[in-house]
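The values are calculated or read from the model by the stated rules, or taken from the named source; none is laboratory data. The shown structure was predicted, so the numbers you read here are calculated from the model rather than taken from an experiment. So basically every Cβ, Gly included, is an ideal-geometry build from the backbone, and we count neighbours across all protein chains shown.
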Amino acid sequence: MNTLRELRVGHRAIVASIETGTIVGQRLLALGIVPGTRLSVTKVAPLGDPIAIEFNGCHVSLRRDEAEGVFIKEETGSAL
């Protein structure tokens, strides 16, 4: 299974599971990033950190280590 960190700009995915530390996991849940959420990567900083994502009309930036704990299932034909 891929992680959010591996998702390319313009591609969409569905969150399969979140396996991070307690504090980071709680922050993601509070933001609304839960299993079943559809999201897309909108930008990646030049050095790869942070990653900007969009979901449910919201735009959020995540650090690479946070995105590494979000397991996704990429949607086929998901390029925007």
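Values for this structure:
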read-out	value
Filter result for Glu66 (surrounded by fewer than 17 Cβ atoms within 10 Å (Cβ to Cβ) and of a type in the set (Asp, Glu))	no
Residues of region 65-80 satisfying the condition of being more than 14 Å from Gly21 (Cα to Cα) and either basic (Lys, Arg) or modelled with pLDDT under 90 (or both)	Lys73, Glu74, Glu75, Thr76, Gly77, Ser78, Ala79, Leu80
Residue satisfying condition, being under 10 Å from Val70 (Cβ atoms) and either surrounded by 16 or more Cβ atoms within 10 Å (Cβ to Cβ) or among the hydroxyl-bearing types (Ser, Thr, Tyr) (or both), within set Val24, Val44	Val24
Residues of region 1-41 classified as among the basic types (Lys, Arg) and under 15 Å from Ser61 (Cβ atoms), total	2
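Conditions (1) modelled with pLDDT of 90 or more; (2) under 9 Å from the mean Cα position of the chain (by Cα), marked per residue:
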| residue | (1), (2) |
| --- | --- |
| Arg12 | yes, no |
| Val15 | yes, yes |
| Thr20 | no, no |
| Ile23 | no, no |
| Gln26 | no, no |
| Leu29 | no, no |
| Ile33 | no, yes |
| Gly36 | yes, no |
| Val41 | yes, yes |
